[in-house]
Each structure stands twice: as structure tokens, then as C-alpha cells.
Amino acid sequence: MQSSIQALPHWAQLALLIVPAASAIFAAVGLLLTFYQSRRTNAQARAALVAACLRGFTEDEEIQRAFYAIEYSEFRYDDNFHRSGQEREVDKRLRHFANIALAWQANLLNTSDVRPIQYYVLRVMRDPEIQKYLKFIAEWSKQANLGEHPYAVLSALSERLAT
């Protein structure tokens, strides 16, 4: 007894073999192209986050003032700091970086993605007066039972960037 496939002409039998194989190859190529496009899109999105951080830095006068006070060693953390305009500016600067650090902690960014802002982060985070302020914030958060302050994640990012 002859199977229904063997009853077909030779060219039809070959077509039944070749069409599914070609479909599988096209599907594999499509998946591969989708994978590479997805990686490229993800890299572009990560770069856009860092670019937005840089743009925010350059376009915001308060952030600029806070940075340059630190850059030129003019910033002092003392009794006059709290509730001052400078506190708001410095916090704005630190929150700006902390947002990037939180994205890094969530694995939305990797360390190499953040390299374009490395200088700015390290310059701010290594400042001895900023270190005093961060120590105060950490102690205050702990006493208030608020958990870890986002600046702690920024400190972790800073340590990673320094290596």
C-alpha cells in the first residue's frame, strides 16, 4: 500500500520537504534580526537616559550653581546650610544623579552607560563637604526609620565608577 505522500509527484514531495525547512530558516533569521534590533533599541534607550541627565545638568541654573560651588570648593556644609537656597540646589543636584543611580541599581543602566557623567558624579561625591552632608542624611534616615535614602544608591554608583 502506497502512502498519500508517495502518491504525489516527485516535485510535490520535494516541496513538502523544502517549504517547512525554508519557513524555519526564515523564522530563525527573523528572530535573530529582532534580537539584534531589540539590543540596539535598548542601548539607545539607555543612552537617552544619560543624555537627558546631561541635558538636565546643562539646562538647569540651580543644578549648575550647586555643581560649580562644589567644583570650585566653595560649598560648605555648616549650620547655615539647612533650609537655605543652597540646600535646595545641592539636593536638586544630588537627586538628579540619584535618579540615574536608581536606574543603574534596577539594571536599566550599566556602569559603562553612565561613564559620560562619571566626572560630574565623582567630583560631587568625592567632595568632603558633600560627604559630611551625605553622612548626616544617612544618619537622619536611619533615625527616622525611613530605610535607605536614595543618596546611598548614588554613593554605591560613585564607588563603582571610581574603579
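The values are calculated or read from the model by the stated rules, or taken from the named source; none is laboratory data. Note that the structure is a prediction, hence the values are computed from the model and not measured. FYI the Cβ positions are ideal-geometry reconstructions off the backbone, even for glycines, and counts take in every protein chain you see.
For a quick check of your reading of the model, give me the residue pairs whose first member lies in the range 72-99 and is among the hydroxyl-bearing types (S, T, Y) and part of a loop (DSSP other than H, G, I, E, B), whose second is crowded, with 16+ Cβ neighbours inside 10 Å and at pLDDT 95 or above, with beta-carbon atoms closer than 8 Å and at least 6 apart or on different chains.
So the pair list comes out as S73/D127; Y77/E129; Y77/I130; Y77/Y133.
Within the group L14, L49, which residue is of a type outside the set (S, T, N, Q) and either within 27 Å of N110 (Cα to Cα) or touching a strand residue (DSSP E or B) at 6+ places or on another chain (Cβ under 7 Å) (or both)?
Values: L14 fails: either within 27 Å of N110 (Cα to Cα) or touching a strand residue (DSSP E or B) at 6+ places or on another chain (Cβ under 7 Å) (or both).
Matching residue, one of L14, L49: L49.
This table checks each residue for (1) touching a helix residue (DSSP H, G or I) at 6+ places or on another chain (Cβ under 7 Å); (2) of a type in the set (F, W, Y); (3) assigned to a loop (DSSP other than H, G, I, E, B); (4) surrounded by fewer than 17 Cβ atoms within 10 Å (Cβ to Cβ).
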residue: L102; (1), (2), (3), (4): yes, no, no, yes
residue: S112; (1), (2), (3), (4): no, no, no, yes
residue: Q118; (1), (2), (3), (4): yes, no, no, yes
residue: E139; (1), (2), (3), (4): no, no, no, yes
residue: K142; (1), (2), (3), (4): no, no, no, yes
residue: L146; (1), (2), (3), (4): no, no, yes, yes
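Can you say whether A43 is surrounded by 10 or more Cβ atoms within 10 Å (Cβ to Cβ) and more than 25 Å from R126 (Cβ to Cβ), as far as the supplied structure shows? Break it down stepwise before answering.
On the way: surrounded by 10 or more Cβ atoms within 10 Å (Cβ to Cβ): yes; more than 25 Å from R126 (Cβ to Cβ): yes.
Judged against the criteria, A43 is a match.
So, E159, is that one touching a helix residue (DSSP H, G or I) at 6+ places or on another chain (Cβ under 9 Å) and within 23 Å of A103 (Cβ to Cβ) or not?
On the way: touching a helix residue (DSSP H, G or I) at 6+ places or on another chain (Cβ under 9 Å): yes; within 23 Å of A103 (Cβ to Cβ): yes.
Answer is yes for this residue.
Out of curiosity, is I70 of a type in the set (V, I, T) and surrounded by 11 or more Cβ atoms within 10 Å (Cβ to Cβ)? Break it down stepwise before answering.
On the way: of a type in the set (V, I, T): yes; surrounded by 11 or more Cβ atoms within 10 Å (Cβ to Cβ): yes.
Yes: the conditions hold for I70.
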